[in-house]
Amino acid sequence: MDFAKKSLNDALGIAHEAVEGVSKFLPPFTGSHEKRELDIGPIQRPFVAVVDGKRVSNRKLQIESMLDKSDTLILNGEMIFTFYKAQDLSVGSFPVDDEDVNFAKSILEKAKLRRVEILLPSDVVVVDRFTYYGKNKVVAASAIPDGWTGVDIGPESVYLFHNALDSAKTVMWEGAETYEFGKFSRALETISPKVFELGDKGVKTFIGVQTETGSSEIEYTRTVGAE
């Protein structure tokens with residue numbers, strides 16, 4: 001006997017995950033909370049979106065959504081190395097998934113066609129050993145040496161991201177992520193204070209992250225947890 005035809009998905013934080021649950025048996029439809037999180041309403045331009053993430057596969061929904069809406073899309077977090085690989089750049093010892101690389105290539109192509117600027121970090125911190133005790137140095141994103149692993153963005157990228165955000169009249173920040181090691185946290189520290197600073201200045205600002213501090217001018221905080 002059938003008790004239902006569809007299931008309700010009202011949690012954007014897991015909508016992009018391959019989660020075993022009711023939706024495996026009943027086709028899901030989008031609930032009102034999730035719709036609100038995907039629909040940010042009228043946009044004042046320039047619109048700069050920031051999507052952080054460890055894995056491209058877990059940020060496809062957000063990347064595609066922001067690509068449709070933004071003038072500039074800043075990509076941050078560990079997934080940047082997948083986008084470097086998609087541009088045939090060396091990523092050293094950083095592991096990337098072929099399927100994610102193909103998706104990244106498609107996003108870069110779509111961005112060109114839609115005239116959306118994709119901003120990736122221009123320099124990164126790399127380590128020779130994937131431990132707290134390895135040597136580290138800052139290199140250009142296009143010059144990651146073999147045998148080294150990226151763990152953070154570099155100081156030049158801070159200026160690049162801040163400059164883009166300062167030009168915005170609408171900002172969307174989706175998914176605060178840290179890299180594997182907590183001591184390499186420039187990627188997060190670059191975005192967080194700048195977004196709240198812009199909110200305090202009256203820039204229309206949306207956030208979809210978990211954070212300990214905020215601004216009274218932040219327009220909307222996501223109702224479910226960030227990964």
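Things to note:
- The single residue among 149, 170 that is more than 16 Å from the chain's Cα centre (by Cα), buried (at least 20 other Cβ atoms within 10 Å of the Cβ), over 26 Å from residue 46 (Cβ atoms) and polar (S, T, N, Q) turns out to be 149.
- Per this entry, residue 189 is not counted among residues that are acidic (Asp, Glu), at pLDDT below 90 and open to solvent by less than 20 Å² (accessible area, probe 1.4 Å).
- Residues of region 57-72 classified as touching a strand residue (DSSP E or B) at 6+ places or on another chain (Cβ under 9 Å) and either surrounded by 24 or more Cβ atoms within 10 Å (Cβ to Cβ) or part of a helix (DSSP H, G or I) (or both), total: 8
- Tabulated pairs, region 149-164, first more than 13 Å from residue 184 (Cβ to Cβ) and part of a helix (DSSP H, G or I), second open to solvent by 10 Å² or more (accessible area, probe 1.4 Å) and of a type outside the set (Asp, Glu), C-beta under 6 angstrom, 6+ apart or interchain: 156/122; 160/122; 162/194; 164/72; 164/119
- Residue match in region 167-185 (condition: modelled with pLDDT of 95 or more, out of contact with any strand residue (DSSP E or B) (no Cβ under 8 Å at 6 or more places or on another chain) and among the charged types (D, E, K, R)): no
- Selection status of residue 154, touching a Gly at 6+ places or on another chain (Cβ under 9 Å) and surrounded by 15 or more Cβ atoms within 10 Å (Cβ to Cβ): no
- Boolean, residue 170 is hydroxyl-bearing (Ser, Thr, Tyr) and in contact (Cβ under 8 Å) with a residue 24 or more places away in the chain: yes
- When region 122-137 is limited to residues that are among the basic types (Lys, Arg) and assigned to a loop (DSSP other than H, G, I, E, B), the one that is modelled with the highest pLDDT turns out to be 135.
- Subset tally (residues that are out of contact with any helix residue (DSSP H, G or I) (no Cβ under 8 Å at 6 or more places or on another chain), under 19 Å from residue 74 (Cβ atoms) and surrounded by 14 or more Cβ atoms within 10 Å (Cβ to Cβ)) for region 94-140: 0
The values are calculated or read from the model by the stated rules, or taken from the named source; none is laboratory data. All values reported here derive from a predicted model rather than from experimental measurement. Here Cβ is always computed from backbone atoms with ideal geometry, including for glycine, and neighbour counts include all displayed protein chains. Surface areas here come from the heavy atoms of the whole protein model, side chains and all, with no ligands, DNA or RNA. Shrake-Rupley method; radii C 1.70, N 1.55, O 1.52, S 1.80 Å.
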